[in-house]
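Report on the structure given below.
The values are calculated or read from the model by the stated rules, or taken from the named source; none is laboratory data. Given the structure is predicted, the values throughout are model-derived calculations rather than measurements. Note that we place each Cβ from the backbone using ideal geometry, even for glycine, and neighbour counts take in every protein chain shown.
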């Protein structure tokens, strides 16, 4: 990554090369907690994306007013305000989903991805860069959540987003939708990503 | 008797059955990053337990006194500005997230300064972890759980009092400590094992965490079993 990437490069960086979940291991609470079906994973990813984008834009706009020692407090309070908005919107339009996600929506406040992006990008860059970075990170986060949710829902319930996919005789691996399944699926996927990265690096090393 | 039983059940439920880390997945970040050595894990666990107790105490007080509909302090203050029947209906729950996170952040700062000044040995054992805890989801999760048991209940008589809230805070922290110390013990042994390259680091920790979570699933239903045995129905 060069020193001054364009907004598009920032977006692409966030999706795969610097994926917040697989590469930076940030924001693991929602990654493990809400991925037992695709619908709640999608809602969670959208909620985090909305908060991340709004917080990044606001922080970027006020970046010249920030004082170093009060920085984190300002970040947290901005994020908390947006999380309250998202929480109310969800409760108004998707009541059952808001009940399912329960405390994990307010827990977005302490999601390390958002604070990390505010600190690293939004507090230093103009609005377009901050917004592009937020969209990229949110897309990467959504991708990670959905990749885990697809595996867990498919094996655990035989469905995808509520639709029956596996044959009816599929013996449901209930463990996959229970807490241990989250740890196992994410652990295995993380190892897979590490393995592919190492393979590609070796290949590039041989060619170059 | 009923009250003590309730406290006891909340405690074992928070510590073992619905363990914060292994059942609710809160506090996963320190669970993965700080669980390399047992003594560090003990330090982190005690810091979390300490802060969680204080945070639950503060959030319980704020919720009951200020935030919930008809809270005494809000009604009293608003009574100066509006008619008494309007003042009683003020509902500030929408501010709860902002207030909680602010309360947690400032109490962590205060606790850090206090402990550093007056208990240097204690500061040495877990002081370095205190700033990290501000953004620990486990603390906020404990506050939110307490809130849902005060505001979310249909019958006001079922709302948690301070004793129940503190039981959740203390034993939720103990549950976190149990999980992170077990994990650190396993990881110290894992250092000597030949782990496949891609699994090194976080991946193997997560898989071990999965096996631990399976073990903790064995506690499911213990609380209702105890209740049935003691209440005789």
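A few notes on this one:
- Residue match in the range B:4-17 (condition: surrounded by fewer than 17 Cβ atoms within 10 Å (Cβ to Cβ), away from chain A (no Cβ under 14 Å), on the phi < 0 side of the Ramachandran plot and in a loop (DSSP other than H, G, I, E, B)): no
- Residue B:143 being within 10 Å of chain A (Cβ to nearest Cβ), at pLDDT below 90, crowded, with 22+ Cβ neighbours inside 10 Å and in contact with a helix residue (DSSP H, G or I) (Cβ under 6 Å, 6 or more places away or on another chain): no
- Candidate set: the range A:157-180, residues that are under 15 Å from residue A:146 (Cα atoms) and part of a helix (DSSP H, G or I); chosen: the one nearest to the other protein chains (Cβ to nearest Cβ): A:176
- Scope the range A:94-150; condition within 14 Å of chain B (Cβ to nearest Cβ), modelled with pLDDT under 90 and over 30 Å from residue B:152 (Cβ atoms); matching residues: A:116, A:117, A:118, A:119
- Meets criteria (surrounded by fewer than 20 Cβ atoms within 10 Å (Cβ to Cβ), within 14 Å of another protein chain (Cβ to nearest Cβ) and within 27 Å of residue A:197 (Cβ to Cβ)) for residue B:151: no
- The residues in the range B:66-82 that are touching a residue at least 40 places away in the same chain (Cβ under 8 Å) and over 14 Å from residue B:150 (Cβ atoms) can be counted, and the count is 0.
- Listed here are the helices (runs of 4 or more DSSP H) enclosed by the range B:24-88 that have at least 1 residues being within 14 Å of another protein chain (Cβ to nearest Cβ) and under 26 Å from residue B:154 (Cβ atoms): B:38-62.
- Set side by side, the residues A:154, A:189 differ, and just one is in a helix (DSSP H, G or I), surrounded by fewer than 19 Cβ atoms within 10 Å (Cβ to Cβ) and away from chain B (no Cβ under 14 Å), which is A:154.
- Matching entry among A:184, A:155, A:160, A:188 (being closer than 21 Å to residue A:34 by Cβ and touching a residue at least 60 places away in the same chain (Cβ under 8 Å)): A:160
- The residues in the range A:66-78 that are more than 22 Å from residue B:147 (Cβ to Cβ) and free of Cβ contacts under 8 Å to residues at least 12 places away in the same chain can be counted, and the count is 4.
- Qualifying residue in the range A:47-65 (condition: closer than 27 Å to residue B:107 by Cβ and without any contact (Cβ under 8 Å) to a residue 12 or more places away in the chain): yes
- Filter result for residue A:139 (in contact with a helix residue (DSSP H, G or I) (Cβ under 9 Å, 6 or more places away or on another chain), farther than 19 Å from residue A:16 by Cβ and surrounded by fewer than 20 Cβ atoms within 10 Å (Cβ to Cβ)): no
- Check on residue B:167, touching a helix residue (DSSP H, G or I) at 6+ places or on another chain (Cβ under 7 Å), crowded, with 19+ Cβ neighbours inside 10 Å and either closer than 30 Å to residue B:96 by Cβ or more than 13 Å from chain A (Cβ to nearest Cβ) (or both): yes
- Criterion: within 14 Å of another protein chain (Cβ to nearest Cβ) and out of contact with any strand residue (DSSP E or B) (no Cβ under 6 Å at 6 or more places or on another chain) - qualifying residue of B:225, B:232, B:185, B:218: B:218
- Checking each residue in the range B:181-202 for being modelled with pLDDT under 90, within 16 Å of residue B:31 (Cα to Cα) and in contact with a helix residue (DSSP H, G or I) (Cβ under 6 Å, 6 or more places away or on another chain) picks out only B:202.
- Some residue of the range A:51-74 being touching a strand residue (DSSP E or B) at 6+ places or on another chain (Cβ under 7 Å) and either within 13 Å of another protein chain (Cβ to nearest Cβ) or crowded, with 19+ Cβ neighbours inside 10 Å (or both): no
- Just so you know, in the range A:4-27 the residues that are assigned to a helix (DSSP H, G or I) and in contact (Cβ under 8 Å) with a residue 24 or more places away in the chain include one that is surrounded by the most Cβ atoms within 10 Å (Cβ to Cβ), and it is A:14.
- A single member of B:204, B:178 is under 22 Å from residue B:19 (Cα atoms), within 13 Å of another protein chain (Cβ to nearest Cβ) and in contact (Cβ under 8 Å) with a residue 12 or more places away in the chain, and it is B:204.
- Options B:99, B:111: the member that is more than 12 Å from the chain's Cα centre (by Cα), within 11 Å of another protein chain (Cβ to nearest Cβ) and touching a residue at least 24 places away in the same chain (Cβ under 8 Å): B:99
- Qualifying residue in the range A:79-88 (condition: in a helix (DSSP H, G or I), within 14 Å of another protein chain (Cβ to nearest Cβ), surrounded by fewer than 16 Cβ atoms within 10 Å (Cβ to Cβ) and free of Cβ contacts under 8 Å to residues at least 40 places away in the same chain): yes
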